[in-house]
Amino acid sequence: MRAELGGAARDVRASWRPRASWTAAAFALAAVGPLVLGDARTADIADGLYLACAAIGLAFAVGVAGLPSLAQGAFVGVGAVTAAHVLAAGWPTAAAALAGAVAGGLAGALVGLAFARLPPAGFAAATWIVSWLVAFALQSITWFLGGSQGLVVTGGPSAAQHYALALVLTGLAALAYLALARSPIGLQLAAAREREPAALALGVPVLRIRALAVAASGVAGGVAGALAVQLAGIGDPSQYGPFLSFRLFVVVLIGGALSPLGPPLGVLVLGVLSLLADLVGRLENVAASRAHTLLTAVMLLGVVSLGWEGIVRPSARRRRDGHAATRPAPQGSLTATGLAKSFETVAAVDDVTVAVAPGAITALVGPNGSGKTTVLRLLAGTVEPDAGRIESAPVARTLQATAIFPTLTPLEHLLVASSARRSRAGVLRSLFATPQTREEDARFTGEARQLLERFGIPRDVPAGELPVSDQRALMLACAYATGAPVLLVDEPSAGASAAEATRLGELLRTLRDEGLAVLVVEHNLGLVRRLADRVIVLDAGRVIADGPPDAVAADERVRIAYLGNQAL
C-alpha cells in the first residue's frame, strides 16, 4: 500500500503545473466564503456552484465528445424532481443526491443511445426537443411532478453547509472530468470527435462511448439538481425548462469546453454580466427574466460569430512511461471466397476470392471502378456481402485518405489504437486511477513511444502539423498498435513522393517480416512490383489475374484490361 501511495504521489508531482497551483489557491480561498458572506449571498453562490457542477458535466459531452447537447437542463430537472420525492419520503440528503445522480445518468444514457449516431446539428436539435418535452412533462403531470405549483422540499442542510457541499461537488466534478478526459475512453472520444471514420477503422466503439459521455453529463446534472432543489426549498418546474439548457450551453462555450476550469469561469462571467443586465433592465423598465434571456442570446451570438474557443484553453497532456516489453506480432490469416456485392443494378464485386497469409503481402490492384474499395470494405466488415464467405483473424484497416486526428499527438493516436487491448479501461477504474490502471497506462505509453521511434514519427506535436509522409506512417503505426494480425492498407503511397513511397514500403516490409498478414490496395505499380509477394488484379468487379508479380505482369488479360502498354 505504501508503494502504491508513493507511486500516486509521484504521478501527481510529475503532472503538477502552475495552473494547478492557482486552482488550488482559488479553491482554498473560496472555502472561507461563508465566514465573510451573509446567508443570502452564501446561498446564491452555492446555487451558482451547483450550476457550475452541471456545466462541467456538460463540458465533457460538448468538449471531449464533441456532442452539442442542449438537454443538460432537462437532466438537472430530472435529478431535482427525483430528489424532491426521495426527500419527501424522509430519506437523507445523501440518498437524495445519489437518487438524482442515478436518474440524471439514466436520462443521459437514454438520450445518448437514441441520438449519438446523429451528426452534430441533428444531435443539437434532438436534445433541444428533449428539453422542451421534459419541461412540458414537469409542468403538466401534476399528480406526480407537482405541476405549476412545484414540489415543496423542507429541512436539509443550512446555506453554509450547502456552500461547502457545492464547492466540494464542483471540485470532484472537475477531477472526474480530468480523469475521464485523459483516460482511454476520453482519448477515444476525442478521436471520434475529430474524425469518426478513422476512429471506427481503429475499432473505437463510437456510439457506445458517446452514449457514455452523455450519461456522465447526466450524472453531473442530476446530482447538481438534486442538491440545488433542497437549497431552494421547492422544485419549481419553470426553472428546468429549455432556457436552463441554453444557459448551461452558453456557459460552457464562454469558459471553454476542453478544460474543467472553463465552465466555473463561464458561470462567474455570466453571473457578473447578469448583474449588469439587472441594472440595465431597471433603467429601461425591462423585466429581469427578459433581460437575462436577451443577454444570454447576445453572448451566444458573439461566441458563434467570432469563433470564440473559450477563456480557458486545455493544458499540455503528459504521461508517465513504464516498462514496455517487446510485443510479439500476432499470427493470423484472411480468406474470402465467392464474394459478391451489388448496389441496385450494378455488380460492384462478382465472385471474388482473396487469401492473405501470415508473413506475406498481397496487393489488390485494378483500374478505377474495378471494385477494390468495395472488396476492402467487405473484408473489413463495414459492408455486408450479398454472397460469399469470409474467414479471418481480427483485422485493422487504414483509410485511403490521410485520416489522422489533427489535435491529438502521435502518442495519443497509438493510445487510442491500443485501447481495445487494455484490460483496465473502465469508467470507474479511470475515475479512481487505481494502481493497476496507472501501471497499465504507463506500460502502453512506453510501448507507444517505442513504436513511434521505430516508425520515425515525432511523438508530442499535434498530428495535423506533421508532413504527409509522417501522417501516412502514423496510420500504419496505429493499425499495428491495434494488435490485429491482419492489416488492410488502402493506398499507402497516395500523394507521396518517390522517397516517401519507398519509406512506406520499407515499413510495410518490416510488418510482413514480423509475421503479419498484409493486404495492400495500391495504384503505384512500381511499389507493388517491389513490395508484393502476390498480386490480385480486378476488372469490373471480377478477378482476372492472381499470382506472383512477374507472372501477373506477363498476363495478356492484365495488359489489355488494365495496364495498356505499361509493364507491371
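The values are calculated or read from the model by the stated rules, or taken from the named source; none is laboratory data. Since the structure is predicted, the reported quantities are computational estimates derived from the model, not experimental observations. Counting neighbours? That spans all protein chains shown, and the Cβs are built from the backbone with ideal geometry, glycine included.
Looking at region 457-568, what helices (runs of 4 or more DSSP H) fall wholly within it and have at least 1 residues that are closer than 27 Å to R443 by Cα and of a type in the set (S, T, N, Q)? Give the steps one after another, and end with the answer.
Numbers: elements: 468-481, 498-513, 525-531, 549-553.
Where helices (runs of 4 or more DSSP H) fall fully within region 457-568 and carry at least 1 residues being closer than 27 Å to R443 by Cα and of a type in the set (S, T, N, Q), they are 468-481, 498-513.
What about A448, is it outside any helix (DSSP H, G or I), touching a helix residue (DSSP H, G or I) at 6+ places or on another chain (Cβ under 6 Å) and under 27 Å from R509 (Cβ atoms)?
Values: outside any helix (DSSP H, G or I): no; touching a helix residue (DSSP H, G or I) at 6+ places or on another chain (Cβ under 6 Å): yes; under 27 Å from R509 (Cβ atoms): yes.
For A448, the condition - outside any helix (DSSP H, G or I), touching a helix residue (DSSP H, G or I) at 6+ places or on another chain (Cβ under 6 Å) and under 27 Å from R509 (Cβ atoms) - is not met.
Return the residues of region 202-257 that are aliphatic (A, V, I, L, M) and within 16 Å of the chain's Cα centre (by Cα); say none if nothing qualifies.
Of the residues in region 202-257, the ones aliphatic (A, V, I, L, M) are 202, 204, 206-207, 209, 211-216, 219-220, 223-224, 226-229, 231-232, 234, 244, 248, 250-254, 257.
Within region 202-257, L202, V204, V206, L207, I209, A211, L212, A213, V214, A215, A216, A257 qualify.
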With the condition kept exactly as written, say whether any residue in region 479-489 is within 30 Å of V558 (Cα to Cα) and surrounded by fewer than 22 Cβ atoms within 10 Å (Cβ to Cβ).
-> no
Per the filter on region 27-64, residues within 30 Å of the chain's Cα centre (by Cα) and either at pLDDT below 70 or outside any helix (DSSP H, G or I) (or both) are F27
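Name every residue in region 504-526 that is over 18 Å from L399 (Cα atoms) and either modelled with pLDDT of 85 or more or touching a His at 6+ places or on another chain (Cβ under 6 Å) (or both), in order of residue number. Give the steps one after another, and end with the answer.
Taking region 504-526 as the starting set, the residues that turn out to be over 18 Å from L399 (Cα atoms) are 506, 509-510, 512-516, 525-526.
E506, R509, T510, R512, D513, E514, G515, L516 - these are the residues of region 504-526 that are over 18 Å from L399 (Cα atoms) and either modelled with pLDDT of 85 or more or touching a His at 6+ places or on another chain (Cβ under 6 Å) (or both).
Please work out if S418 is surrounded by 21 or more Cβ atoms within 10 Å (Cβ to Cβ), under 19 Å from V486 (Cα atoms) and either touching a Lys or Arg at 6+ places or on another chain (Cβ under 9 Å) or of a type in the set (S, T, N, Q) (or both). Outline the logic, then answer.
Values: surrounded by 21 or more Cβ atoms within 10 Å (Cβ to Cβ): yes; under 19 Å from V486 (Cα atoms): yes; either touching a Lys or Arg at 6+ places or on another chain (Cβ under 9 Å) or of a type in the set (S, T, N, Q) (or both): yes.
Criteria met by S418.
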Is it the case that G262 is out of contact with any Leu (no Cβ under 8 Å at 6 or more places or on another chain), at pLDDT 65 or above and under 28 Å from I544 (Cβ atoms)?
-> no
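Could you grab me the full set of residues in region 223-246 that are surrounded by 24 or more Cβ atoms within 10 Å (Cβ to Cβ) and either at pLDDT below 90 or more than 21 Å from T42 (Cα to Cα) (or both)?
Going through region 223-246, the residues surrounded by 24 or more Cβ atoms within 10 Å (Cβ to Cβ) turn out to be 223-230, 235, 237, 240, 245.
Of everything in region 223-246, those that are surrounded by 24 or more Cβ atoms within 10 Å (Cβ to Cβ) and either at pLDDT below 90 or more than 21 Å from T42 (Cα to Cα) (or both) turn out to be G235, P237, Y240, S245.
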If you take the residues of region 116-160 that are β-branched (V, I, T) and touching a strand residue (DSSP E or B) at 6+ places or on another chain (Cβ under 7 Å), which of them is modelled with the highest pLDDT?
-> V153
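Suppose we filter V312, V346 for residues that are at pLDDT below 90 and not assigned by TED's automatic domain parsing to the domain that holds V468; which single one remains?
Details: V346 fails: not assigned by TED's automatic domain parsing to the domain that holds V468.
When all the criteria are applied, what remains is V312.
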Test each condition in (1) outside any helix (DSSP H, G or I); (2) buried (at least 24 other Cβ atoms within 10 Å of the Cβ); (3) without any contact (Cβ under 8 Å) to a residue 60 or more places away in the chain for L67 and report the one that comes out false.
-> (3)
